[in-house]
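Below you'll find the structure, written out as structure tokens, and then a few comments.
FYI, it's all coordinate maths here, none of it is from the lab. Here the structure is a predicted model, which means the values were calculated and not measured. As a convention, Cβ positions derive from the backbone with ideal geometry for all residues, glycine included, and neighbour counts pool all protein chains shown.
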Amino acid sequence: MRTTNRQVRPIESARPVDKGASHTVIANAGPWCQNTGQKYRFKALMGKDSRIEWTHHTFNPWWGCVKVSAACDHCYAEAWARRLGTDVWGPHSGRRFFGNAHWNQPVRWNKDAEASGERRRVFCASMADVFENRKDLVPHRLRLFDLIGRTPHLDWLLLTKRIHLVRKQLPKGYEFPRNVWLGTTVEDERSAGKRLDYLLAFKTPSVRFVSCEPLLGAIDLRPYLTKGDRGTRIDWVIAGGESGAGARPMEPHWPEDLRQQCQEARVPFHFKQWGHWGPIDALQSVAGKTAIRIIKVDDVEVRLAGLGKGKSGRELAGRHWDQFPSTHSTS
Ligand code: SF4
């Protein structure tokens, strides 16, 4: 496996991380999406629009969740909900539910998409996990499935870290319609081993996708990028580093390996962002207080700078990667 054969030394810190600078970034930020680290306007959070590159709209059937994975450690949705004074995180807190005006928004998006002749992608959910296992969520999840069925001009992106619970939480006999893109987050090799077989067991979504964000380790996706006996494969890979306070650095060969794996398997690849820590050239100068981390890959020194996600950018192998799956239902 190419990713694990590499001689990678642990990250060392040349200078202490500038915690103050990180906090300044967060304090100035608007709402963020926990899955993408994307900053966007409050209107966007309510679903009228989204600045997440890979979706047109964001819809939340409710707010609130419980952390289940290393990828959840710095959940932006939790931080944002707390900033708003909403106690909806953890197993003992309630969830925030919404009325008809909220639920009618996708119906309008569907009409607009039909009128324009262009399909629209809806990311569901940025402030929750659709497949969290709680009794009080059941009627809201059923309402969501009904809504998905009534909005055939929208492609619904259901991204979950609880892919092992999805089948159990579907109504008896229900299969996802073709306007569902089902996805799971995979942050490292361990989570890939735990989650991807569950994802690929679903035959009916038009797309099965993987979000490797925040990417916390090297991942070999090759066994899942071709159809093989199971008849399904990963149709789309999104990768990105972590941003915000306490962001964990993404070593540059991790997303690059994913990009190469996707290219070899002809699977579309979307590189979302470097995140807080971006690679810099050995000769490149950065501002005096910028934190630097140094790693060694195959005895070559690689420097990462805590530039913040805006300055770190999203260029990989010299260009942007904004590929999308091609399905009958994509625009
Ligand atoms: S599953 Fe998603 S929404 Fe829930 S705690 Fe983890 S990152 Fe946050």
Going by how many other Cβ atoms sit within 10 Å of their own, how do THR55, THR327, THR226 line up, fewest first?
THR226, THR327, THR55
Would you mind giving the average projected area, over all directions, of the Cα convex hull of region 51-184 in nm² with one decimal?
8.5
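For ASP299 and ASP197, compute 0.36 nm times the residue count separating them, minus their Cα-Cα distance, and round to one decimal in nm.
On the way: separation 102, 0.36 × 102 = 36.72 nm, distance 3.50 nm.
Fully extending the segment from ASP299 to ASP197 adds 33.2 nm.
On average over all directions, what projected area in square nanometres does region 142-265 have, based on the convex hull of its Cα atoms? Please list the in-between numbers first.
Working: hull surface 34.8 nm².
Across all orientations, region 142-265 yields a mean hull projection of 8.7 nm².
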Links exceeding 24 Å between C-alpha atoms in this model, out of LYS161/LYS311; LYS111/LYS168; LYS67/LYS135; LYS135/LYS168; LYS67/LYS289, come to LYS161/LYS311; LYS111/LYS168; LYS67/LYS289
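For THR290, THR184, what's the fewest-to-most ordering of other Cβ within 10 Å of each Cβ? Don't skip to the end; give the middle numbers.
Details: THR290 16, THR184 26.
Lowest to highest Cβ neighbour count: THR290, THR184.
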Lys and Arg at +1, Asp and Glu at -1: neighbours of ASP188 with Cβ under 12 Å from its Cβ sum to -1
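Would you order VAL237, VAL107, VAL186, VAL166 from fewest to most other beta-carbon atoms within 10 Å of each residue's own beta-carbon?
So the ranking, lowest neighbour count to highest, is VAL107, VAL166, VAL237, VAL186.
Find the percent of Cα-Cα distances in region 239-331 that exceed 23 Å, and round it to a whole number.
Details: 1261 of 4278 pairs.
Of the Cα pairs, 29 percent sit more than 23 Å apart.
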